[in-house]
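**Student:** Pasting a structure below so you can have a look.
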Amino acid sequence: MLSRVAASLYWQSRYIERSDGMLRMLKINYASSQDAIQEFTWEPVIRIFAGLDDDDDEGEDLGNDSRAVLKYMIMGKNNSNSVLNIITLARENARSVQEHITKDLWQCLNEYYHTVKDTKLERALQREDPISVLDVLIKQVMLYYGTVEITMERGEGRSFMNIGKYLERAIQSVDILDTKFGSISDNPDLLTDTTYWKHLLLSLGGYELYLKTYREGFEAENVLEQVVLNNDFPRSVIYSVNNIQRYFERLQNDSNMDDFRDMSFKIGRLQSRIKYSSVRTIRQEGLHAFLTQIRSELYGIADSLNEHYFANS
């Protein structure tokens, strides 16, 4: 497979996964903002998914106006990481490799793009229930993933797509954990705030699994264990890294053994580091230091993919 094609499929998938994580986080945080008794802040969400160091400072001026934040995060043209902008990038990547994806998948992604661009969506976001608007977009992502699963050939292209998806997912989970646990340093009362942990789990789709797994209520260490170390949780860091390794193994061939060994070593090293960690050892090391190292290694894997497989695209 040409490096240009591999890179386009990989980035198409990363952008879709990013939009999914963002939409779910926005939905749960909007619901939380409506229920909050104390002052609610959107700052952590903007920091995770948009960054506060962009050239455009619109994100810093939004305050806690929930509808303004949603508009900025979903269709803000000056926000390079808005859903509109990243789905536009995903569609451009898909357009350049249409012969390598199914017609159904192209139509599905195209529909997602036009749904986000529709001016009716912006009006609905301002005048109607924003949860309904977010649900429409989340369903577009679910339709996309279902179409990938049903129609895409099980070849190199799908492997690159899945590597992109799980790499993006792992980075998101690390960033969300780091931000949410970091907030406890400024507000220790959050440590025993069950609503705080419930919303974190809901934003990652892990609330129901948590209730089935832990009977003693919401505790920070149990949340940490599920999001980092639970092999059965689809958005845990270890689950994502295991799948990066799984789909990367399928790319092995005789023509690129040196590159393959280098990448395989980096993925295996990260996999082992997480697999042989526990909540206790993470606490001893320091959660922020642990997550910072995991994030660094995930970006290192992304850089190596770019160097060895995408010809520095």
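The values are calculated or read from the model by the stated rules, or taken from the named source; none is laboratory data. Here the structure is a predicted model, which is why all the values come from computation and not from measurement. Positions of Cβ are generated from backbone atoms using ideal geometry, with glycine treated the same way; all protein chains shown enter the neighbour counts. SASA here: full protein model, heavy atoms, side chains in, ligands and nucleic acids out. Shrake-Rupley method; radii C 1.70, N 1.55, O 1.52, S 1.80 Å.
**Student:** In Å and whole numbers, how far do the C-alpha atoms of the range 1-40 stretch along each principal axis, longest first?
**Tutor:** Taking max minus min along each principal axis of the Cα atoms, the range 1-40 gives 54, 12, 6 Å.
**Student:** List the aspartates and glutamates whose Cα lies under 16 Å from the Cα of K27, skipping any in the same chain that are fewer than 8 positions away.
**Tutor:** Result set, ordered by chain and number: E17, D35, E43, D65, E122, E128, D129, D135.
**Student:** If I histogram all Cα-Cα distances within the range 134-211 using bins 5 Å wide from 0, what percent of pairs lands in each bin?
**Tutor:** Pairs per bin, as whole percents: 3, 11, 15, 19, 18, 13, 10, 6, 3, 2, 0.
**Student:** Accessible area per residue, 1.4 Å probe, Å², for the chain: what's the number? Display every interim value, and only then the final one.
**Tutor:** Details: 14740 Å² over 313 residues.
Result: 47 Å² per residue.
**Student:** Another question, if that's okay. Taking only Cα atoms and a 10 Å spring cutoff, compute GNM fluctuations for the chain and point out the largest among T115, T41, T213.
**Tutor:** Largest GNM mean-square fluctuation: T213.
**Student:** Just name one of M152, W106, L84: the one whose Cα is farthest towards the positive end of the charge dipole of the range 63-168 (beta-carbon charges, Lys/Arg +1, Asp/Glu -1).
**Tutor:** The Cα lying farthest towards the positive end belongs to L84.
**Student:** Could you tell me the accessible area of R169 in Å² (1.4 Å probe, neighbours in place), rounded to the nearest ten?
**Tutor:** 30 Å²
**Student:** Go through K180/K275; K165/K198; K103/K212 and tell me which ones have a Cα-Cα distance over 31 Å in this structure. List each step's numbers first, then the result.
**Tutor:** Values: K180/K275 22 Å; K165/K198 25 Å; K103/K212 40 Å.
Over 31 Å apart, Cα to Cα: K103/K212.
**Student:** Defining a contact as two alpha carbons under 8 Å apart and six or more residues distant in sequence, what relative contact order in percent does the range 180-272 show? Walk me through the numbers before you get to the answer.
**Tutor:** Working: 63 pairs, mean separation 16.1, N = 93.
It comes to 17 percent, rounded to a whole number.
**Student:** What dipole magnitude, in Debye to the nearest 20, does the chain give about its Cα centre under +1 on Lys/Arg Cβ and -1 on Asp/Glu Cβ? Please report the intermediate quantities before stating the final value.
**Tutor:** Numbers: 36 positive and 47 negative charges, 202 e Å.
Roughly 980 debye for the chain.
**Student:** Same structure, new question: Relative contact order of the chain, please, whole-number percent, based on alpha carbon pairs below 8 angstrom and at least 6 residues apart.
**Tutor:** Details: 353 pairs, mean separation 69.5, N = 313.
Once normalised by length, the contact order is 22 percent.
**Student:** From the protein chains alone at 1.4 Å, what is the descending order of accessible area for W42, W11, W106, largest first? Show your work: numbers first, answer last.
**Tutor:** Details: W42 0, W11 75, W106 40 Å².
Output order, biggest surface exposure first: W11, W106, W42.
**Student:** With springs connecting C-alpha atoms under 10 Å apart, model the chain as a Gaussian network and identify which of V174, V237, V133 has the largest mean-square fluctuation.
**Tutor:** V133
**Student:** Within the chain, what whole-number % of the accessible surface is contributed by carbon and sulfur, with the 1.4 Å probe and all protein chains included in the calculation? Write out the running numbers ahead of the final one.
**Tutor:** On the way: 6690 of 14740 Å².
About 45 percent, which is the carbon plus sulfur part of the accessible surface.
**Student:** Ranked from the most accessible area to the least, with a 1.4 Å probe and all protein chains present, what is the order of D65, D35, D175, D193? Write out the running numbers ahead of the final one.
**Tutor:** Numbers: D65 80, D35 110, D175 35, D193 55 Å².
I get D35, D65, D193, D175, largest accessible area first.
**Student:** Considering only D104, D129, D254, give the residue with the highest GNM mean-square fluctuation for the chain, with springs between Cα atoms whenever their separation is below 10 Å.
**Tutor:** With Cα springs under 10 Å in the chain, the top fluctuation among D104, D129, D254 is at D254.
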